[in-house]
1. Based on this model, can you work out whether Phe47 counts as touching a residue at least 12 places away in the same chain (Cβ under 8 Å) and among the aromatic types (Phe, Trp, Tyr)?
2. Here are some residues: Arg98, Arg133, Arg153, Arg141. Which one is at pLDDT 80 or above and not polar (S, T, N, Q)?
3. Hey, among the residues in segment 58-95 that are more than 30 Å from Leu35 (Cβ to Cβ) and polar (S, T, N, Q), which one's modelled with the highest pLDDT?
4. Within segment 1-12, is even one residue surrounded by 10 or more Cβ atoms within 10 Å (Cβ to Cβ), β-branched (Val, Ile, Thr) and not in a helix (DSSP H, G or I)?
5. Could you check segment 1-44 and list, in sequence order, the residues that are charged (D, E, K, R) and without any contact (Cβ under 8 Å) to a residue 24 or more places away in the chain?
6. Within segment 73-85, is there a residue that is of a type in the set (Lys, Arg), out of contact with any Leu (no Cβ under 8 Å at 6 or more places or on another chain) and loosely packed, with under 12 Cβ neighbours inside 10 Å?
7. Any residue at all in segment 114-121 that's out of contact with any helix residue (DSSP H, G or I) (no Cβ under 7 Å at 6 or more places or on another chain), at pLDDT 75 or above and assigned to a loop (DSSP other than H, G, I, E, B)?
8. Any idea how many residues of segment 43-96 are farther than 30 Å from Leu22 by Cα and assigned to a loop (DSSP other than H, G, I, E, B)?
Amino acid sequence: MPTHIAALRRLSLGLQAVSFLLLISVIWLDETLDLPHLLFHAARTPFRPEEALFETLLLVIVGLISLALTGFLLKRLVYAQSFLPFCPACQRVRRGERWTSASDFLQEEQTDLLGYGLCPTCSSRGSGPEPGRANSGSVAREISLRDGKSLQRDLR
């Protein structure tokens, strides 16, 4: 997960946790200071710590469930945003607001995450290329990496 996204996730969950702690503080302040009496001149109520403890327990349970669900949904959102929009008709890739060819994308982006491999079906049929040779009908292409290395890619 990129650093800035992880920081935003921590910030979001931290703010949510602080909000629940603030609500728990209000529960105990209300119980100890009798806030309705102080603010609205309502009838006094006796100090009942068991009521505040029960309300705190309920809020902790709701808070933990809420934090867990928020964390899960933020992880899913980051995962969904990591997909690369690809047009199967013209075989172009969306990069921000513009569409570019897949080969241009591979040349401009770091390609160290790409690798060559055969799926189990093709491997079992023996339909892969011979070692060191490209498939017939494919184009071997040199792709320059940002750090100056080069990598042979077999693009169809």
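The values are calculated or read from the model by the stated rules, or taken from the named source; none is laboratory data. Remember, it's a predicted structure, so these values are computed and weren't measured experimentally. Note that we place each Cβ from the backbone using ideal geometry, even for glycine, and neighbour counts take in every protein chain shown.
1. Yes; evaluated as a whole, the condition is true for this residue.
2. So the residue among Arg98, Arg133, Arg153, Arg141 that is at pLDDT 80 or above and not polar (S, T, N, Q) is Arg98.
3. Gln91
4. no
5. Kept after step one, since they are charged (D, E, K, R), are these residues of segment 1-44: 9-10, 30-31, 34, 44.
Selection gives Arg10, Asp30, Glu31, Asp34, Arg44.
6. yes
7. Yes, the conditions are met somewhere in segment 114-121.
8. We begin by selecting, within segment 43-96, every residue farther than 30 Å from Leu22 by Cα; these are 79-96.
Checking the rest, the ones that are also assigned to a loop (DSSP other than H, G, I, E, B) come to 82-85, 88-91, 96.
Of the residues in that region, 9 qualify.
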